[in-house]
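Quick notes on the structure that follows.
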Amino acid sequence: MALFSKISIVFFALLACTSNPNIITLAPKSFQQELNKQASKNFIDVRTQGEAARGMIAGAILIDISSSDFESKLQKLDKNKATFVYCASGIRSKRAASQLLKLGFKKVYNLDGGIIAWSEEGLPIK
């Protein structure tokens, strides 16, 4: 019985960690390809102003996830457009992606590894 309980706990913990199918996490080159395919999109950098000053991916708008008006700025975006999001390493953008879905955004793409992985792949930063 104890073994069954432990297995059940592990199973449900893994089930809870399963990603949402509406958040698509892509490696840098795949993210870039999908980004380029979408003519009409939202493209958000959720890092701080200081981080963004060191370089951003062209076309992104800065909406700092730690700012008090983060959610109100997201509400101004078109929820029906594909929405691309990134941060430094992918942790904050994953949180932002979940928040976007809760706000009603239909399809959200997250950059796996963030701008760090992007630059390690040699992809352009402005």
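The values are calculated or read from the model by the stated rules, or taken from the named source; none is laboratory data. Values in this document were obtained by computation on a predicted structure and should not be read as measured data. Cβ placement follows ideal geometry from the backbone for every residue including glycine, while neighbour counts extend to all protein chains displayed. Keep in mind that these areas ignore ligands, DNA and RNA; they rest on the heavy atoms of the full protein, side chains included. Shrake-Rupley method; radii C 1.70, N 1.55, O 1.52, S 1.80 Å.
Details
- Scanning segment 110-121 for residues that are out of contact with any helix residue (DSSP H, G or I) (no Cβ under 6 Å at 6 or more places or on another chain) and open to solvent by 60 Å² or more (accessible area, probe 1.4 Å) yields 112, 116, 120.
- In segment 99-109, the residue that is nearest to residue 61 (Cα to Cα) out of those that are open to solvent by less than 50 Å² (accessible area, probe 1.4 Å) and assigned to a helix (DSSP H, G or I) is 100.
- Residues that are surrounded by fewer than 11 Cβ atoms within 10 Å (Cβ to Cβ), in a loop (DSSP other than H, G, I, E, B) and free of Cβ contacts under 8 Å to residues at least 40 places away in the same chain, drawn from segment 31-84: 39, 53, 54, 66, 68, 69, 76
- Residue 85 of a type in the set (A, V, I, L, M, F, W, C), at pLDDT 95 or above and under 18 Å from residue 126 (Cβ atoms): yes
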